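Presented below is the structure to which this report refers.
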Amino acid sequence: MIIRDEKPIDGVAIRKLVEAAFGQKLEADLVDGLRSEGDICVSLVAEEQECIVGHVVLSKMSASFRALGLAPDRKSVV
């Protein structure tokens, strides 16, 4: 397994993975929104045999201290 930075070409595969993981499109929409707003600071994928099998995002968030949010998570949609 290889852990690497997300590439622009990974967008469709990431969306499919996130939809499958959460069983709906809402979280994938969240990730796409964070990406389009420029709020993603770190986006990593896990790749196995040239297939994306994992994804994690750290994004900007408002707080009284320096912080990044881990997204998506189930709390984001409840």
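Quick note: the coordinates plus some simple rules give every number you see, no bench work behind them. Predicted model, so just to flag it, every value in this text is computed and none were measured.
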Name the residues whose placed amide hydrogens come within less than 5 Å of the amide hydrogen of M61, ignoring near sequence neighbours (fewer than 5 apart) on the same chain.
A67, G69
Extension reserve of the M61-D32 stretch, reckoned as 0.36 nm per residue once the Cα distance is removed:
8.9 nm
For the chain, what relative contact order do you get, as a whole percent, if you take Cα pairs closer than 8 Å and at least 6 residues apart?
30 percent
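From largest to smallest, what semi-axes in whole angstrom does the stretch 5-61 give when each is the square root of 5 times an eigenvalue of its alpha carbon gyration tensor?
Its equivalent ellipsoid spans semi-axes of 17, 14, 9 Å.
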